[in-house]
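Each reported figure results from applying straightforward, stated rules to the coordinates on display, with no laboratory input. All of these numbers come straight from a predicted model, not from anything done at the bench. Cβ coordinates were reconstructed from backbone atoms using ideal geometry, including for glycine residues, and neighbour counts include every protein chain displayed.
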Amino acid sequence: MKKLMFLMVALFVGVSASAQTLPDVKVENQEAKVISTRDLVDGTPMIISFWSTTCKPCIMELNAINDNLYDWLEEVDFKVVAVSVDDARTLSRARAMTQGQGWDDYVCVYDKNQDFKRAMNVSLTPHTFIVDGKGNIVHSHSGYTPGSEQELFEKIKELK
Amino acid sequence: MNYAQGVSFRRMPLCAKYNLSKMKRFLLFLGVAFAATLSVSEASAQIKVGEGQVSVALESNNTFYTEDPTLESIGLDQPFKRTFGDRGSNDYLKVDYNLNSFSAGVQVDGYLPPLYGYDLYDYIKSKNLQTDKKNFAFLSFYTQFEGKNWGVRVGDIYDQFGNGLIFRSYEDRALAFNNAVLGARAYYNIGNYATLKAIAGKPRIYNERSENWVYGTDLSLSISDMLGWSNGILSVEGSYFARKDTDISEWNEDDYNDNWEVIGTTNRLSGNETVNLVSGRLNFEYSGFTFRSEYATKLNEDLHTPGKPLAGGNVLFLDFGYNYKRFSASASFRRMENMTTLIDPRRSGIGGGNNINYVPLLTRQHTYSLANLNPYLGASVHTGGEVGGQIDLYYSLRNPKARGKYWNFHVNFSMFNTLDHAMGGSKDATAPKIDGRNVWKDFNFDVERQWNKKVKTTFLYSYQRWDEEVNHYDASEPHYNTSHIFVGDVTYKFNKKHSIRTELQYLASEDYEGDWVAGSIEYNFAPKYSFYVSDMWNCEPMGDAQNVINFGGNYYEDMETGVGKNYLLHYYQIGASYTHNSLRVQLSYGRNRAGYVCSGGVCRMQPAYTGFNLAMTLSF
């Protein structure tokens, strides 16, 4: 434990301000093909939102972004990546739900054993990140209250 | 006994002073980490070490149990069972280092002391009856390298084969569950059409490592990629997984005495068995249709008589999907028999933390409290198997010109039956049989309407029928309880920041605890603050001294006076939350009903209690 603490303290030394990059983890896409999360980085900024079928505020947040999507896209170019952390129990429901909620403009990926969630240090859903076109994580927000989607829009506009 | 490294806390000398200073240091460390994290989170910056970067996540869940004379007088709250005291705290600190394709990390789980009502609590308690130690910790770690077509990971491994029917290692903090396998894993991709994976190690059981080894291999082959099909997907996959039980036949009396809680006094098995499981999968997708299937079988273990090689178990899982524009449908079918596979069968009866495979419940997991009051808990534990399925239909009605107005419809139906099984789980072919019967049926309909930018409403109706006798292995007759649940939910946005959400629920039933009513009001000040109050009230007297013993109700006798009456209890909550970037703090106070807390298709029984909860998460 002593050694571990040394290691930790050593890690805290040398803090400098620079953005974290998106980790490289395997997830499934809508067609159930395994893709790398690095493939999501294509020059367009993105909102990455972790959700599950049993998380009501997550669905509220994704619906709220969807309601505003076209208005926002008129001002700034970005994409939305909805990451379902549903496991084998609710995975097929999650796939059906993305269609049945009208999220057809979203990039939907499935993180069935939560590897991406773990790599992004997400403890609770919803948890939303803003990633710039180069793959740097520039903002993150945990939880959802109606209206907090505006903050995401403001942050993504700052990237322009 | 060859314990792996992660259990260092438990193997330390049991000296109170030593442990106290250790714990102080741990708390100090948590404090330092928290302070450092706060300052860094504030700047939304990251930590860099050389070329690599460090990320940190902290989660802390605390409960302060307070006195509730009403709950105590009728025995619903039993404070004397909280042997670790009137406070609990489950904490997780995770630190990762990442440099290009290399990454490494540690996670410290602190149970300071553990939260009451989790399987982990009972497990730790049962192993520490002779000591006054209250605080426990567990260290896990990993290091991994991801090449272009291959990857290696050493340390604690989270992974699954297919749907997890024969192997899944994962973490679920809502259940204080973690069965990570400490060992090694490697995979190799052959072209873009095949992946071969192998894993071996020792799984974690709560705050310990098991003595048993597990190992397995998985191959997935994409036929469509192999043949260059671009408009469809066809893949075949197969897995093998095994558990090798430690041989304890050579143990002497001291070994048994040291491990009495593991082995029990009457279950001295030879225990050098290897349990083998195999699984095959076929997945297909073409033009909006999807079909996924898995058949898995356990070749040589019977859960009900561990250690005796008998006909094992099997499970068939089928999943169909279809979508067209904004309509989508999904249907799942599953039949399973004796498929629960324990990490260590010699430690049976210690809860879900001892499972190495994942055969979850397939019914809908509700988010509204009354709809989730009596969830389906599965029939396989008590009768060895179940057969059933579910159907979901979704449709979104939208006007492309008015994006802020739409209807979302959802219909869900599920049904599960037990299998024919012998009385008392007997393997004797002449033993009397109990026919399989329906033990769960539900139908749910919900509609969500966004009227305009300000108003959104949700309505839910749920019909649920459950057989209370499913918990009793030899019950030949069912006892059905039926509930009708109605929920109305309205969100009103005053402006871009202020909004209010109200929920009204009613559960109508002639059985069990009778009618319930629940309501809540939530006021949000986006993006930082949220406040809520809620109440759940069992409003109808049910049961009496005669029938309460068998079938629930709200009739209780005062433990001191012996006088019985119907207790129509209120379960109230009041709370607030604060969010700033990735920091979230939530404080609440209230009375919690005894019931099942479910996460990811697995449930744990939470006894009733009244108290404060303080939860915090943070990452950067």
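Model label points for B:Leu219 and B:Asp132, set 7 angstrom from Cα along the Cα-to-Cβ axis, are 6.0 nm apart. Over all directions, the projected convex hull of the C-alpha atoms in the stretch B:149-227 averages 5.9 nm² in area.
Take the Cβ-Cβ distance between A:Asp77 and B:Phe284 as r, set R0 to 25 Å, and report the resulting FRET efficiency rounded to the nearest 0.05.
Values: r = 36 Å, r/R0 = 1.44.
After rounding to 0.05, the efficiency reads 0.10.
Report the extension gain between B:Glu72 and B:Trp229 in nm, rounded to one decimal, defined as 0.36 nm multiplied by the number of residues separating them, less their alpha carbon distance. Please report the intermediate quantities before stating the final value.
Working: separation 157, 0.36 × 157 = 56.52 nm, distance 6.60 nm.
Result: 49.9 nm gained on full extension.
What is the helix-to-structure angle for A:149-158, meaning the angle in degrees between its Cα long axis and the longest Cα principal axis of chain A, kept from 0 to 90 and rounded to the nearest 10? Taking the Cα atoms of chain A, the angle to A:149-158 is about 70 degrees. Altogether, the Stokes-Einstein calculation at 37 °C and 0.692 mPa s, with the Kirkwood radius of the stretch B:471-562 over Cα pairs as Rh, returns a diffusion coefficient of 200 µm²/s. In this simple spin-label model, placing a label point 7 Å from the Cα along the Cα-to-Cβ direction at both B:Ile574 and B:Asp420 gives a separation of 5.9 nm. Between B:Asp544 and A:Glu31, what FRET efficiency comes out of the Förster formula 1/(1 + (r/R0)^6) with R0 = 60 Å and r the beta carbon distance, rounded to 0.05? Efficiency at R0 = 60 Å is approximately 0.55.
Relative to the longest principal axis of the Cα atoms of chain A, the long axis of helix A:91-100 lies at roughly 50 degrees. Given R0 = 60 Å, the distance between the Cβ atoms of B:Trp537 and B:Tyr193 translates into a calculated FRET efficiency of 0.55.
Fully extending the segment from B:Gln144 to B:Ala184 would add 13.4 nm, taking 0.36 nm per residue of separation and subtracting the current Cα-Cα distance.
Helix A:2-12 and the long axis of chain A differ in direction by around 60°, with both axes built from C-alpha atoms. Pairs exceeding a 18 Å alpha-carbon distance, out of B:Lys81/B:Lys133; B:Lys454/B:Lys528; A:Lys155/B:Lys497; A:Lys79/B:Lys325; B:Lys405/B:Lys454; A:Lys79/B:Lys456: B:Lys454/B:Lys528; A:Lys79/B:Lys325; A:Lys79/B:Lys456. Taking amide hydrogens as placed 1.01 Å from N in the peptide plane, the amide H of B:Asn355 sits under 5 Å from those of B:Ile343, each at least 5 positions away in sequence or on another chain.
The lysines within cross-link reach of A:Lys33, meaning a Cα-to-Cα straight distance under 16 Å and a gap of 8 or more places when in the same chain, are A:Lys112. Cα-based values for the stretch B:105-209, radius of gyration first and Dmax second, are 16.7, 57 Å.
Expressed as a whole percent, how much of the Cα-Cα distance distribution for the stretch A:23-158 exceeds 18 Å?
In whole percent, the long-distance tail amounts to 49.
Taking 7 Å steps out from each Cα toward its Cβ at B:Glu557 and B:Val455 produces label points 5.4 nm apart.
For a straight C-alpha distance cut-off of 25 angstrom, the lysines reachable from B:Lys244 (same-chain residues fewer than eight places away being disregarded) are B:Lys127, B:Lys197, B:Lys202, B:Lys298, B:Lys308, B:Lys427. Extension gain, B:Asn495-B:Phe525: 0.36 nm per intervening residue step, less the Cα-Cα distance, totals 9.8 nm. Pairwise Cα separations in the stretch B:484-528 fall into 10 Å bins from 0 onward with the following percentages, short to long: 25, 36, 22, 14, 3.
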